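What follows is a single structure, written as structure tokens, with notes after it.
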Amino acid sequence: MRNSPNSKLRAVFHLTEELDCRGDFSCLPETDTHHLTGDIKRVYALLAREWFTYMKYNKKNYPCLFSLAMRTNPFDTESTPIVY
């Protein structure tokens, strides 16, 4: 199952292992950079979807947590935890 919790974890673990195996990212060949870019995009998309699902759950069940999460939204560069 492609989007199962296990496949998400495997994608994250794969990426961390790939990154841990490399010492200096500045001298990687283009092919390796392209490979890592694909891994990063895959993990980012999986985690973003998971975050949105979590926000939907919080909005319904924990409005205070949802409010804080919206104020510290990782997709909003101007977000702030301060309540105005």
How many of the residues making up the stretch 41-76 are polar (S, T, N, Q) and within 24 Å of VAL12 (Cβ to Cβ)?
4
Counting just the residues of the stretch 36-56 that are farther than 22 Å from THR72 by Cα and in contact (Cβ under 8 Å) with a residue 12 or more places away in the chain, which one comes out surrounded by the fewest Cβ atoms within 10 Å (Cβ to Cβ)?
ILE40
Filtering the stretch 66-84 for residues that are in a helix (DSSP H, G or I) and either under 23 Å from PRO5 (Cα atoms) or in contact with a Cys (Cβ under 8 Å, 6 or more places away or on another chain) (or both) leaves a count of 2
Going by the conditions given, is GLU17 at pLDDT 95 or above, charged (D, E, K, R) and either farther than 23 Å from ALA69 by Cβ or surrounded by 10 or more Cβ atoms within 10 Å (Cβ to Cβ) (or both)?
yes
Considering the stretch 1-59 alone, what residues qualify as being outside any helix (DSSP H, G or I) and of a type in the set (Gly, Ala, Ser)?
SER4, GLY23
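The values are calculated or read from the model by the stated rules, or taken from the named source; none is laboratory data. Keep in mind that what you see is a predicted model, and the values were worked out from it rather than measured. Neighbour counts are summed over all protein chains in view; Cβ atoms, including those assigned to glycine, are modelled from backbone coordinates with ideal geometry.
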